[in-house]
1. Taking the Cα atoms of the chain alone, what are Rg (to one decimal) and Dmax (as a whole number) in Å?
2. What are the GluC sites (Glu not before Pro) within region 164-209 that DSSP puts in a loop, where the Cβ has at most 14 other Cβ atoms within 10 Å?
3. Taking θ as phi - 60°, what are the ³J(HN,Hα) couplings along region 280-285 by the Karplus curve (6.51, -1.76, 1.60), each to the nearest whole Hz, with x for Gly and Pro?
4. Give me the net charge for the shell around Glu27: Cβ to Cβ below 12 angstrom, other residues only, Lys and Arg +1, Asp and Glu -1.
5. Can you compute the helix-only [θ] at 222 nm over the chain? Use -39500 (n - 2.57) per DSSP H run of at least 4 residues, normalise by all residues, nearest 500 deg cm²/dmol.
6. Would you mind calculating the relative contact order of region 261-323 from Cα pairs under 8 angstrom and at least 6 residues apart, reporting the percent as a whole number?
7. Quick check: Cα centre of region 385-403 to Cα centre of region 121-200, how many Å?
8. Once Lys and Arg get +1 and Asp and Glu get -1 on their Cβ, which of Asn298, Leu278, Leu135 lies farthest toward the positive end of the dipole of the chain?
Amino acid sequence: MVDKKENKMDKIVSLCKRRGFIFQGSEIYGGFAGFWDYGPYGLALKNNIKNLWWQIFVEEREDIYGMDTSVIMNPRAWEASGHVAGFADQMDNGNKFNVMFKTSVGAGEESIVSYLRPETAGGMFVNFKNIMDSLSPKIPFGLAQVGKAFRNEIAPRDFVFRSREFEQMEVEYFVKPADWEKYFEEWKKIISMWCKIIGLEKSHTHELEVLDKERAHYSKRTIDFEFDYPFGRKELYGLAYRTDFDLKSHSSFSNADLYYYDEETKEKFIPHIIEPSLGVDRTILAVLSEAYKEDEMNEEKRIYLALKPILAPIKVAVFPLLKNKPQLVKKAREIYEDLKKKFKAVEFDDNGNIGKRYRKQDEIGTPFCVTVDFDTLEKDKKVTVRDRDSGKQERIDIDKLITYLSEKISL
Ligand code: ATP
């Protein structure tokens, strides 16, 4: 149990720094509000989340196509989307402040003002015609992209929850106008399923119907998926019904034909869009908040991250019991090489005593530690496998180690 709730956030931030997950951006210059740098384990966790999302939302489906579009677009696209006029936050004095980052493109008098994208969606809308012409997908279908988005947030706060540079995983799902409710419901279920897969407790996630006056300018219905973060219940993901707003508007601003022609019914119409929008960094923070645990083991306090093995930055760590015994080190390295071929995210550690090595692996959420000792060499050709959450140790035949770990890691 984490004793002081209000402290949990500080503890997570401190673990992230201590263990190389997430650092304050430009820290040696005093930091830079709203910007964060991911270290090796944070990057591994982030990649595992993005890869799992890509697998489930794109690769395992027939109807969704991946894209990777540019961060900076022709500024007309942001006029059409309504962001130039309306993507604003209220400041204290009542003035509105547009949170899009401006940048200039080109040199001298030729330069023009454009923006860093505040959401990845726009790049997919402006390619609707290219996708129709090159792939001719049948409706319903989706475009998906994972990438950076930038918002000049007035008050960045709560670690990576509200930053000025972050990543999104978005699907733009194109449907017939009459079908939107059906697919909205479908995507609602998919998002709930995703939350379960990444290890968020059902009781910690909540669906909030966003009221008319609080919805974004393009949306006719929005559900916010909220999560109980240590600092309170806050938006984790959004699911929006964007109607035909985007394609219609891009069509009129660009004069491009952004209609869909249904060969069966001979109808021509502008598709409507359902958009599940998932923030990568808010996912990381939710996953870390859920996984952060404190308990007592062998009469010592310990901290561990009970991450799902599929998300854990390191799947297995291999230790020789003692560093100064060459035969133990040799055998441990052999096992490490074998496991690394299979699981890739495997670490060899012979630093300090065994307790210290366990503490480190617990804090980075490594589900299994394998130790080579004298019995391994002299007696039984077995190694000790320690389970992160229970601390239980089992002796496993070296020959059966890969099978044993594969089964557990795939859960
Ligand atoms: P909020 O109300 O918290 O500002 P929003 O409603 O503006 O969020 P959306 O425009 O719906 O957010 O963006 C979709 C998703 O992108 C959010 O659900 C969140 O996961 C992520 N996101 C948005 N803004 C940020 C930010 N400043 N930092 C990190 N992630 C963000």
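A short reminder: the numbers here are calculations on the coordinates, not readings from a lab. The structure displayed is predicted, hence computed values, not measured ones. Quick reminder, even Gly has a Cβ in these numbers, built from the backbone with ideal geometry, and neighbours come from all protein chains shown.
1. 24.8, 79
2. Glu201
3. Each residue of region 280-285 in turn: 5, 5, 5, 5, 4, 5 Hz.
4. Surrounding charge for Glu27 is 0.
5. Numbers: 12 runs with 127 residues, N = 411.
Per the formula, -9000 deg cm²/dmol.
6. 18 percent
7. Using only Cα atoms, the two centres lie 40 Å from each other.
8. Asn298
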